[in-house]
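Asker: Have a look at this one.
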Amino acid sequence: MSRVAIVTGAARGIGAATVDALVNENYRVVAVDRCRDISDVPYAMATRADLDVVVRRHGDAVLGLVGDVRSATDMQLAVETATRHFGRLDAAVACAGVLGAGGPLWEISDAAWDAVWSVNVLGTRRLIEAAAPKLISNGKEAHGRIVAVASAAGSTGLLHLAPYTAAKHAVVGLIRGVAMDLAPYGVTANAVSPGSTRTAILEASAKVYGLENVEAFAAQQPIGRLLEPSEIAAAIVWLCSSASSAITGADIAVDGGMTVS
Ligand SMILES: NC(=O)c1ccc[n+]([C@@H]2O[C@H](COP(=O)([O-])OP(=O)(O)OC[C@H]3O[C@@H](n4cnc5c(N)ncnc54)[C@H](O)[C@@H]3O)[C@@H](O)[C@H]2O)c1
């Protein structure tokens, strides 16, 4: 029997790579993305065409759903879609995230702050709220899994990105807290914290620092290179598996040594 997962932010980048890696492990996946830009986020979100590409390369194993992680209704629909279409739900992966505007904190508008917090923190909460009751109802032997993508910014400070830094610290805290709530039910909740990974968000970071391209970020990582989305996805998929049953409330750095202190 195939396990079933929901992945948010699935139309490109780390989310799309996670869909690919889960399908490789015989999962069925509901791939959710907003597929529309967000005011006060100064770079483009994925499109419906991006999501369709991800869905098409997996045939019947992946169902695409346009939805916003900030909406409780949309996240409930994702859970209902997983159970109706694929018959069950085993894992929920909160990958959708935005970087937001850059600059010193005192120059960031409330609207820009709210955009970053609502997608990264409220969005993660909305997915967990929708998925947790279903994962609990499967019973302890079902290895229910929640994974949230935080960031190296969840444990360090990033220049001119205070809202993102604060929001990713909050994602780690949210995971630590809900992991305690879920522990009695055999459902684990963990965070994965990527370093600089070759996606649209990294290009947006390069713009914040006035860099011509993303390659300069490689020097911040002791392994001396940027990460590929598939390398983050590999850790996420492992945390979704029964092999990770002793790990909950953890924040797993997948950052080429960037945050080793
Ligand atoms: N790339 C990096 O260097 C890096 C480093 C650390 C953490 N991260 C985190 O990894 C996650 C994935 O980002 P990525 O690097 O793949 O960037 P990305 O911009 O390519 O992907 C983010 C996806 O989320 C979607 N999305 C945005 N807001 C949404 C919403 N409200 N509802 C549903 N979908 C929404 C976007 O359309 C996009 O497809 C994010 O949480 C990000 O903060 C990335």
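The values are calculated or read from the model by the stated rules, or taken from the named source; none is laboratory data. In this text, all values refer to a predicted model and were calculated from it rather than measured experimentally. Quick reminder, even Gly has a Cβ in these numbers, built from the backbone with ideal geometry, and neighbours come from all protein chains shown.
Asker: Give the residue that is nearest to ILE108 (Cα to Cα), with candidates limited to residues of segment 138-157 that are more than 10 Å from the ligand (Cβ to nearest atom) and assigned to a loop (DSSP other than H, G, I, E, B).
Answerer: First, the residues of segment 138-157 that are more than 10 Å from the ligand (Cβ to nearest atom): 138-147, 155-157.
Checking the rest, the ones that are also assigned to a loop (DSSP other than H, G, I, E, B) come to 138-139, 143-144, 155-157.
Values: ASN138: 44, GLY139: 45, HIS143: 42, GLY144: 38, SER155: 21, THR156: 19, GLY157: 16 Å.
Checked segment 138-157; the qualifying residue nearest to ILE108 (Cα to Cα) is GLY157.
Asker: Would you pick out the residues in segment 18-39 that are touching a helix residue (DSSP H, G or I) at 6+ places or on another chain (Cβ under 7 Å) and not in a helix (DSSP H, G or I)?
Answerer: Answer for segment 18-39, where residues must be touching a helix residue (DSSP H, G or I) at 6+ places or on another chain (Cβ under 7 Å) and not in a helix (DSSP H, G or I): GLU25, ARG28, VAL29, VAL30, ALA31, VAL32, ASP33, CYS35, ILE38.
Asker: Taking the stated definitions as given, is VAL119 within 11 Å of the ligand (Cβ to nearest atom) and either over 13 Å from LYS168 (Cα atoms) or loosely packed, with under 14 Cβ neighbours inside 10 Å (or both)?
Answerer: Working: within 11 Å of the ligand (Cβ to nearest atom): yes; either over 13 Å from LYS168 (Cα atoms) or loosely packed, with under 14 Cβ neighbours inside 10 Å (or both): no.
So VAL119 does not fit the description; no.
Asker: Determine whether segment 198-211 contains at least one residue that is of a type outside the set (Asp, Glu) and in a strand (DSSP E or B). Talk me through it step by step, then tell me what you get.
Answerer: To start, the set of residues in segment 198-211 that are of a type outside the set (Asp, Glu) comprises 198-202, 204-211.
If we keep only those that are in a strand (DSSP E or B) too, we end up with none.
So far as segment 198-211 goes, no, none of its residues is of a type outside the set (Asp, Glu) and in a strand (DSSP E or B).
Asker: Of all residues in segment 219-257, how many are within 15 Å of the ligand (Cβ to nearest atom), surrounded by fewer than 18 Cβ atoms within 10 Å (Cβ to Cβ) and not in a helix (DSSP H, G or I)?
Answerer: Residues meeting the conditions: 4.
Asker: While we're here: Is one or more of the residues making up segment 187-197 within 30 Å of GLY139 (Cα to Cα), away from the ligand (no atom under 16 Å from the Cβ), surrounded by 22 or more Cβ atoms within 10 Å (Cβ to Cβ) and at pLDDT 95 or above?
Answerer: There is at least one residue in segment 187-197 that is within 30 Å of GLY139 (Cα to Cα), away from the ligand (no atom under 16 Å from the Cβ), surrounded by 22 or more Cβ atoms within 10 Å (Cβ to Cβ) and at pLDDT 95 or above.
Asker: Quick one: ALA148 ticks every box in (1) small (Gly, Ala, Ser); (2) modelled with pLDDT under 95; (3) within 21 Å of ILE175 (Cβ to Cβ) bar one, so which box is it?
Answerer: (2)
Asker: Looking at (1) in contact with a strand residue (DSSP E or B) (Cβ under 8 Å, 6 or more places away or on another chain); (2) crowded, with 20+ Cβ neighbours inside 10 Å; (3) among the hydrophobic types (A, V, I, L, M, F, W, C), which one does ALA17 not meet, given that it meets all the others?
Answerer: (1) is the only condition that ALA17 fails.
Asker: Here's another thing I want to ask about it. Hey, can you tell me all the residues within segment 230-253 that are of a type in the set (A, V, I, L, M) and over 19 Å from GLY173 (Cβ atoms)?
Answerer: Hits for segment 230-253 are ILE232, ALA233, ALA234, ALA235, ILE236, VAL237, ALA243, ALA246.
Asker: State which residue pairs qualify: first residue crowded, with 20+ Cβ neighbours inside 10 Å and inside segment 134-145, second residue basic (Lys, Arg) and not in a loop (DSSP other than H, G, I, E, B) in any location, beta carbons under 9 Å apart, and separation of 6 or more residues or different chains.
Answerer: Correct list of pairs: LEU135/ARG145; GLY144/LYS134.
Asker: Return the pair list, or none, for Cβ contacts closer than 6 Å from residues in segment 157-169 that are farther than 19 Å from ALA191 by Cα to residues that are away from the ligand (no atom under 11 Å from the Cβ) and among the β-branched types (Val, Ile, Thr), at least 6 apart or on different chains.
Answerer: HIS160/VAL208
Asker: Still on this model: Kindly indicate whether any position in segment 172-184 is more than 28 Å from ASN24 (Cβ to Cβ) and modelled with pLDDT under 95.
Answerer: Taking segment 172-184 as the starting set, the residues that turn out to be more than 28 Å from ASN24 (Cβ to Cβ) are 173-174, 176-177, 180-181, 183-184.
Keeping just the survivors that are modelled with pLDDT under 95 gives none.
No: zero hits.
Quick grid of which residues meet (1) touching a residue at least 40 places away in the same chain (Cβ under 8 Å); (2) assigned to a loop (DSSP other than H, G, I, E, B); (3) over 20 Å from LEU158 (Cα atoms):
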| residue | (1), (2), (3) |
| --- | --- |
| HIS85 | yes, no, yes |
| LEU99 | yes, yes, no |
| TRP106 | no, no, no |
| GLY123 | yes, no, yes |
| GLU129 | yes, no, yes |
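Asker: Can I ask one more? With respect to the numbered conditions (1) more than 14 Å from the ligand (Cβ to nearest atom); (2) over 21 Å from SER242 (Cβ atoms); (3) not basic (Lys, Arg), which one is the sole condition not fulfilled by ALA179?
Answerer: ALA179 satisfies every listed condition except (2).
Asker: Among (1) of a type in the set (Phe, Trp, Tyr); (2) within 15 Å of the ligand (Cβ to nearest atom); (3) touching a strand residue (DSSP E or B) at 6+ places or on another chain (Cβ under 8 Å), where does PHE86 come up short?
Answerer: Of (1) of a type in the set (Phe, Trp, Tyr); (2) within 15 Å of the ligand (Cβ to nearest atom); (3) touching a strand residue (DSSP E or B) at 6+ places or on another chain (Cβ under 8 Å), only one is false for PHE86: (2).
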